[in-house]
Amino acid sequence: MNIKIKEITHKEVKQVIAREVLYDLPEWFGMEESTENYISESKDKVFLACYVNDDVAGFVVLNTTSDDCAEIFVMGVKKQYQRMRMGTQLMDAYERLAKKQGYSYSQVKTVTKQLQLI
């Protein structure tokens with residue numbers, strides 16, 4: 001298995017990759033409006049993609065939140081490549097890139113389903 005992680009700079013390619021991966025993960029990205037927002041906003045951010053034998057396996061997007069802090073804007077690994085350390089490799093590449101770009105901190109925001117209380 002040939003695994004490569006590459007920085008993607010072409011905006012349309014970023015959107016194609018993000019759409020392909022996120023729509024493979026409806027359990028986590030099931031709200032179309034939010035998913036399309038991630039896809040649209042990712043095109044203008046630093047974008048790393050993971051390939052397995054030329055097939056897109058996943059991606060991670062770096063967002064700047066301050067001079068010292070980067071954020072994982074969105075990340076996903078296709079179901080067929082989960083539990084194969086693709087996410088770990090993407091995280092390692094993200095961390096190396098963030099350090100190289102001078103960030104001291106990194107953060108990730110999570111979203112939880114809201115419960116309706118009766």
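The values are calculated or read from the model by the stated rules, or taken from the named source; none is laboratory data. Worth saying up front: this structure is predicted, and the values here are computed from it rather than measured. Glycine gets a Cβ as well: all are built from the backbone with ideal geometry, and neighbour counts include every protein chain shown.
The rows are residues; the columns are (1) at pLDDT 95 or above; (2) under 13 Å from Tyr81 (Cβ atoms).
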position	(1), (2)
Lys6	yes, no
Gln15	yes, no
Glu20	yes, yes
Pro26	no, no
Glu32	no, no
Thr35	no, no
Val46	yes, no
Cys50	yes, yes
Asp55	yes, yes
Would region 28-49 turn up any residue that is surrounded by fewer than 17 Cβ atoms within 10 Å (Cβ to Cβ), outside any helix (DSSP H, G or I), of a type in the set (Phe, Trp, Tyr) and over 13 Å from the mean Cα position of the chain (by Cα)? no
The one condition Gly58 fails out of (1) touching a helix residue (DSSP H, G or I) at 6+ places or on another chain (Cβ under 8 Å); (2) closer than 17 Å to Leu90 by Cα; (3) in a helix (DSSP H, G or I) is (3)
Output yes when any residue across region 57-64 is surrounded by fewer than 17 Cβ atoms within 10 Å (Cβ to Cβ), over 22 Å from Met84 (Cα atoms) and at pLDDT below 95, and no when none is. yes
Are there any pairs with C-beta distances below 7 angstrom linking a residue in region 76-90 that is part of a helix (DSSP H, G or I) and at pLDDT 95 or above to a residue that is surrounded by 13 or more Cβ atoms within 10 Å (Cβ to Cβ) and acidic (Asp, Glu), with the two at least 6 apart or on different chains, and if so which? Lys79/Asp24
For region 91-110, how many residues are touching a residue at least 24 places away in the same chain (Cβ under 8 Å) and among the basic types (Lys, Arg)? 1
